[in-house]
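Written below as structure tokens is the structure these notes are about.
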């Protein structure tokens, strides 16, 4: 029982010390950060565009496009909403 706990703790310490094991955590943090930034950009845009009776819905697709592409993605969403939809 105690040997199993010691092996588990040693394995956990080895994994935590290995930087390659944390690579996926960085990627997830980067992606979540971009999604948060995208939602903030969309919120601020909708706040300003409300005076022109224009709105881009905040949903996972628009947040992802805006978060990963930035302002060019927002401009693309505006063009799609204005001219295609």
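Taken together, the values in this text are just the output of simple stated rules run on the coordinates, not laboratory data. Here the structure is a predicted model, which means the values were calculated and not measured. We place every Cβ from the backbone using ideal geometry, glycine too, and count neighbours over all the protein chains shown.
With mean projected area of the Cα convex hull in nm² as the read-out, I listed (i) 12.6; (ii) 8.3; (iii) 5.6; which label goes with the value calculated from this structure?
(ii)
Could you give the nm distance between label points at residue 78 and residue 59, where each point is 7 Å from its Cα heading toward the beta carbon?
2.2
Could you work out how far helix 60-69 tilts from the main Cα principal axis of the chain, as a 0 to 90 degree angle to the nearest 10?
80
Measure nothing fancy, just the Cα-based angle from helix 23-49's long axis to the longest principal axis of the chain, in degrees from 0 to 90, nearest 10.
It is inclined by approximately 20 degrees.
Extending each Cα 7 Å along its Cβ direction at residue 26 and residue 71, get the distance between those two points in nm, one decimal.
That separation, rounded to one decimal, is 2.8 nm.
Please give the helix 2-17 orientation as an angle from the longest Cα principal axis of the chain, in degrees from 0 to 90, rounded to the nearest 10.
Tilt of helix 2-17: around 40 degrees.
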